[in-house]
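Let me begin by presenting the structure, written as structure tokens, before commenting on it.
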Ligand SMILES: NC(=O)c1ccc[n+]([C@@H]2O[C@H](COP(=O)([O-])OP(=O)(O)OC[C@H]3O[C@@H](n4cnc5c(N)ncnc54)[C@H](OP(=O)(O)O)[C@@H]3O)[C@@H](O)[C@H]2O)c1
């Protein structure tokens, strides 16, 4: 495989970045393809000629549906011989619910393949490239697009490389950094546009994690309501298959306080409840397919009062392994959000700031303790800031800075 850089392309390769950018854009139209990655493919014929004609494009719309490459090839009706394929991720070479894409590309007579990232899945991991090269296909890696291609599938890369999902933690706060009134009331701090934006975050997530504190205070459904998504009709139609299933709802409830009547259990979709093995739960064991109880022996005994709680790292391991979760959204109160942050398990904080003042009796954003010197503070990096309706959204990168 030859690595190419955009500033050193031959004349016939000059439009390759444009085709790869298109492949990435169509892959990104899918909210989630979990447990699979989002992948886009653009087929181009007559690359060296004057027309440089794009002939087909396809993207993976969801698990069990055709992959991006066969989706694009299907439009060619056997006429893809000699074409160049631009694919955002190395083609797979194993049979899952669909056949190997490497075989489909070879059979179609593709002459060149250009990729933006290697597949970290151990079942592929260079195997797709090797198969195509062995069949005489010239394979190129367009290096400048790797970061974007990895970001598109950060959850998939995280699960494959770290064995845990990519974790985003969403918080909504007032201008004075408060998240709920002293009596627990918090609906609604932000306006309708910000809440629609949260719907999009949920729709992109494979699981939504909350704490029993939030369930007891608010009884949230934590579902995706497609009609509330900030998408126009076209975009909604494009991403329809990824909305077929509600994200998994996950409640961390060490002592088994969750009631069977809670909306996280009764609403459409599946709910997993993590409790300690010693918990005396109200949940019946034969609740059918609506929920599943996972009991943990592992305890987290960090704080001074030796509170024993479900271990967060083990929860993430379990969600990656048992549920193949790529992207996870924490929508919890200050207690659980702080615990995730302190454990270093948050990859990205998404904070909505409403221009309201809730006063010092209201509950704080987080409950971090023991910070007495400025040198102890962690400085994070702001990835983006955007006004949404009358609120502000900050996206903060929580990966440790060296
Ligand atoms: N503004 C916002 O964005 C936002 C979002 C959500 C909620 N809220 C508000 O937050 C308030 C609830 O906050 P909260 O802090 O009480 O609830 P929370 O953070 O949602 O849940 C906390 C509970 O989670 C359980 N838990 C299980 N494992 C844990 C672990 N390893 N570490 C920490 N906790 C663990 C603990 O109960 P056990 O020990 O019994 O397991 C703990 O008390 C409500 O008023 C709600 O409206 C605001």
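Some notes on this structure:
- Expressed as a fraction of 2.2 N^0.38 Å, the C-alpha radius of gyration for region 46-169 is 1.08.
- Across region 63-80, the residues whose backbone nitrogen lies under 14 Å from the label position 7 Å along the beta-carbon direction of residue 244 are 63-67.
- Whole-Å distance, taken between Cα centres, linking region 253-284 and region 95-146: 44 Å
- Pairwise FRET efficiency - residue 343 versus residue 278, Cβ, R0 = 22 Å, nearest 0.05: 0.55
- In terms of the mean number of neighbouring beta-carbon atoms within 10 Å, the peptides 26-36, 5-15, 170-180 order highest first as 26-36, 170-180, 5-15.
- Gain in span if fully extended, residue 65 to residue 357, counting 0.36 nm per residue against the direct Cα distance: 100.3 nm
- Label point distance in nm, residue 378-residue 176, each placed 7 Å from Cα along Cα→Cβ: 2.7 nm
- Shape of region 155-290, Cα gyration tensor, a/c cut at 1.5: oblate
- With the simple model of a label 7 Å out from the Cα in the direction of the Cβ, residue 386 to residue 236 spans 1.9 nm.
- Dividing the mean sequence gap of close Cα pairs (under 8 Å, 6+ apart) by how many residues region 150-197 holds gives a relative contact order of 21 percent.
- Using a Förster distance of 51 Å, the FRET efficiency for residue 111-residue 255 (Cβ separation, nearest 0.05): 0.25
- Taking the chain as a Gaussian network of alpha-carbon nodes connected by springs under 10 Å, the highest mean-square fluctuation of the residues 330, 124, 346 belongs to 124.
- Region 323-402 - percent relative contact order, Cα under 8 Å, separation 6 or more: 36 percent
- Ranked by the mean number of other Cβ atoms within 10 Å per residue, highest first, peptides 269-275, 383-389 order as 269-275, 383-389.
- More than 21 Å apart - percent of Cα-Cα pairs taken over region 1-87: 33 percent
- The length gained by stretching the chain between residue 79 and residue 324 to full extension, at 0.36 nm per residue less their Cα-Cα distance, is 84.5 nm.
- Prolate/oblate/rounded label for the chain (Cα gyration tensor, a/c 1.5): prolate
- Alpha-carbon Rg with Dmax, taken over region 105-144, Å: 10.2, 29
- Rounded to the nearest 0.05, the FRET efficiency derived from the C-beta distance between residue 335 and residue 227 at R0 = 30 Å is 0.40.
- Inter-label distance, nm, simple model (7 Å from Cα along the C-beta direction), residue 133/residue 263: 5.4 nm
- From its DSSP helices (H runs of at least four residues, each -39,500 (n - 2.57)), the chain gives a residue-normalised ellipticity at 222 nm of -7000 deg cm²/dmol.
The numbers here are math on the coordinates, done by the rules we state, and not lab data. Note that the structure is predicted; figures quoted are calculated from it, not measured. In this analysis, Cβ positions are derived from the backbone assuming ideal geometry, glycine residues included, and neighbour counts consider all displayed protein chains.
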